[in-house]
1. Could you tell me whether Leu202 is part of a strand (DSSP E or B), in contact (Cβ under 8 Å) with a residue 24 or more places away in the chain and under 18 Å from Leu60 (Cα atoms)?
2. Looking at Asp121, Asp126, can you tell me which residue is crowded, with 22+ Cβ neighbours inside 10 Å, outside any helix (DSSP H, G or I), on the phi < 0 side of the Ramachandran plot and over 16 Å from the mean Cα position of the chain (by Cα)?
3. Has region 234-246 got any residue that is free of Cβ contacts under 8 Å to residues at least 12 places away in the same chain, open to solvent by less than 50 Å² (accessible area, probe 1.4 Å) and more than 21 Å from Ala112 (Cα to Cα)?
4. Tell me, which strands (runs of 3 or more DSSP E) lie completely within region 1-101 with 3 or more residues that are under 24 Å from Gly181 (Cα atoms), of a type outside the set (S, T, N, Q) and at pLDDT 95 or above?
5. Scanning region 208-223 for residues that are outside any strand (DSSP E or B) and open to solvent by 30 Å² or more (accessible area, probe 1.4 Å), which turns out farthest from Ala112 (Cα to Cα)?
6. With (1) in contact with a Leu (Cβ under 7 Å, 6 or more places away or on another chain); (2) open to solvent by less than 40 Å² (accessible area, probe 1.4 Å) as the list, and Gly205 as the residue in question, which single condition is left unmet?
7. Every residue in region 63-86 that is touching a helix residue (DSSP H, G or I) at 6+ places or on another chain (Cβ under 7 Å), over 24 Å from His114 (Cβ atoms) and hydroxyl-bearing (Ser, Thr, Tyr), please.
Amino acid sequence: MTEAKKTKGWLLLAVLVGTLYCLASGAEAAQFFVTQAGAGSEDGTTWGNALKGDQLVTKLKEAASGDVFWVAAGTYKPHATSRDVSFTLKDGVAFYGGFEGTETSLDQRNPAAHVTILTGDLQSNDVFIDGVGYSGTTGVDNSRHVVIASGVSAATILDGFTIRGGNAHGDADQPVSKGGGIYNLGGSPTVRACTFTANYALYGGGMYNNDSSLTVQTCTFSGNAATDDGGGIHNINGPPTVQGCT
C-alpha cells in the first residue's frame, strides 16, 4: 500500500471516530413525567402525555445517565403480583416525587402536600404494627425490597417519596432478608426528603446498606421494624452520611 493510501485510510478512520463521538456526546438527557393513571399518549414527554404508573419499573430500567423522572402524587407499585420486582435505580438518573402534575420547575413541587408513595403492599391488605412488623399473614405477598439502589453513584437521586410496605423476610444469609424499604449493596445514591415507614426486614427494615457511602438528607424513618438489627437503617462495611434526618 502506498503512503498516500495509508494516509487517506487513517484520515477516513479519524473522521468516522470523530463522527461517532459527536453523535454519542450529543445525545440529550430525557425528562419523563409520570402520573398514577397516565395521560394522553402516555409517552412521558409532558404532564398531558404522562407515563402511567405501571410503566415506571420498565422505564427506569431503560433510563440513561442524566435522565430525570418527575412523579405526581399517588401510589405506585413495582409489580401487580411479583415480590421479586423492585423500583431499581439507575446510575446518574434522578427520581423526584411530590408533584401535583402541573409544575414546570422543580422548586414548585410540594412533597408534603402531594404525597407520592412507592409501596410494596401489592395487594393493599397490610396491617402493620409500628416497631413490630406485619400482623398475622399480612405482608407475606409484599415486595421484598421496594427500592434497590445497588452499585449507583452519588449522581443518582431519590427525592420526595414515601417508601413503605417492603417485607425482606427470608434466609438470613441472603439479600431477601435485608432492606425492606431500600436494599443497597455497594451503591452511594443521594436520598433526600423521603419518608420510610411500615417496612420490615431481618436487617434494615427501612434501609440496608452494605459497602456503601450514600448520603441521606432530611429523611424520616418512623414505624419500621427489624428482627435482628436496624429497624430504621442497618449499615455495614461503610459509613453513610446522614444529615437533618428524624
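The values are calculated or read from the model by the stated rules, or taken from the named source; none is laboratory data. Everything numeric in this text was worked out from a predicted model, so none of it was measured. FYI the Cβ positions are ideal-geometry reconstructions off the backbone, even for glycines, and counts take in every protein chain you see. The accessibility values were calculated without ligands, DNA or RNA, using every heavy atom of the protein model including side chains. Shrake-Rupley method; radii C 1.70, N 1.55, O 1.52, S 1.80 Å.
1. On the way: part of a strand (DSSP E or B): yes; in contact (Cβ under 8 Å) with a residue 24 or more places away in the chain: yes; under 18 Å from Leu60 (Cα atoms): no.
No, not satisfied.
2. On the way: Asp126 fails: crowded, with 22+ Cβ neighbours inside 10 Å.
Only one candidate passes the filter, namely Asp121.
3. Here is the first cut: in region 234-246, the ones free of Cβ contacts under 8 Å to residues at least 12 places away in the same chain are none.
There is no residue in region 234-246 that is free of Cβ contacts under 8 Å to residues at least 12 places away in the same chain, open to solvent by less than 50 Å² (accessible area, probe 1.4 Å) and more than 21 Å from Ala112 (Cα to Cα).
4. On the way: elements: 31-35, 68-72, 74-76, 94-99.
The strands (runs of 3 or more DSSP E) meeting that bar are 31-35, 68-72, 94-99.
5. Asp211
6. (1)
7. none
Each row is one residue, and each column tells you yes or no for (1) part of a strand (DSSP E or B); (2) in contact with a Leu (Cβ under 6 Å, 6 or more places away or on another chain); (3) free of Cβ contacts under 8 Å to residues at least 24 places away in the same chain.
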position: Gly131; (1), (2), (3): no, no, no
position: Thr137; (1), (2), (3): no, no, yes
position: Val140; (1), (2), (3): no, no, no
position: Ser143; (1), (2), (3): no, no, no
position: Ser153; (1), (2), (3): no, no, no
position: Leu158; (1), (2), (3): yes, no, no
position: Asp171; (1), (2), (3): no, no, yes
position: Gly180; (1), (2), (3): no, no, no
